[in-house]
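Here's the structure, in structure tokens; my notes come after.
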Amino acid sequence: MPSEEGSVVRWLVCGASAGLAVDIGLYPLDTIKSRMQSKQGFIAAGGFKDIYRGMSSVLVGSAPGAAIFFLTYKYINGQMKRSIEGKDALVDAFSASLAEIAACAVRVPTELCKQRGQVNKNTRLTLICKEIMESKGLKGFYQGYGSTVAREIPFSIIQFPIWEGLKRMVADKKESGRCSPLEGAACGSVAGCIAAGLTTPLDVAKTRIMLTKTGPTLGILSTLKEVMILTPLPSNPLLFQVYTSGGIKGLYSGVVPRVMWISGGGFVFFGAYETAMHFTKFLD
């Protein structure tokens, strides 16, 4: 599947490098965000203590998830742009959506274990995995898969067309016709900031679903209802139940650290990807 923009091995290496760089470098902000969105509240979930808690799962799954994402994204994007002209933003959005679905097969179990570790004192990855297996079996590792995809697809539909569009704008103004890694990183930061702010309610729902240990797991609409309804009902699904305890403010719990994390993360992630692409030309 090689193309003028890279090869399979190159995409995998660069994607893995980007995933590790952002997840390790900005993990503390992600922990703070998860604790702010947890049902027990920020302080009860750990506050500012042990902000690297739960990181072992990230080290296991970050690189494969990002590698799968970029392999899928670049291949589909390249194939579609050969046959569809003048629809770059649409192609970027569609490619990113399919890439998210593929990457979530690895990302969801990793994210689940990570967030359990971030808000609970039981931080050993083996114990977290054992607890999930005993309570819900293998399917328990994919608790929140639907809500994660429902969050990631809108996020990527916003982020990647903006990132690619900004890069094209910058490249058009340069004699070389290409963005530098630093410019690509800056474009990624802006794109991530916008996408993060707009999709925070979906992230709140995803976090609540993943942190549910016992009982039936609510869907994303139910979770939103739990967050949003002033008078909770037994049949409330999850997004509507967060308004129950916090109104509109509840839907945007953790928006500041999320925007900071993804804005900074966009800079690191896309910067690492662009830098890796620059130094791995020999892999083509």
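Listed by Cβ neighbour count within 10 Å, with the fewest neighbours leading, Y145, Y52 appear as Y52, Y145. Length gained on full extension, R124 to A105, computed as 0.36 nm times the residue gap minus the Cα-Cα distance: 4.6 nm. Using the Cβ of A96 as centre and a radius below 10 Å, the other residues enclosed give a net charge of -4, where K and R count +1 and D and E count -1. In terms of surrounding Cβ atoms within a 10 Å radius of their Cβ, V91, V256 rank from fewest to most as V256, V91. Evaluate the relative contact order of region 102-164 (contact order divided by residue number), counting alpha-carbon pairs under 8 angstrom at least 6 apart; express in whole percent. The value is 35 percent. Each of D172, D203 has some number of other Cβ atoms within 10 Å of its Cβ, and from fewest to most they run D172, D203. Near Q159: Cβ cut-off under 14 Å, other residues only, Lys/Arg at +1 and Asp/Glu at -1. The net charge is -2. Centre-to-centre, using Cα atoms only, region 102-148 and region 15-65 are separated by 13 Å.
Since every read-out is calculated from the coordinates, none of them should be taken as a lab result. Please read these numbers as outputs of a predicted model, since none were measured by experiment. Note: ideal-geometry Cβ built from the backbone for every residue, glycine included; neighbour counts use all protein chains shown.
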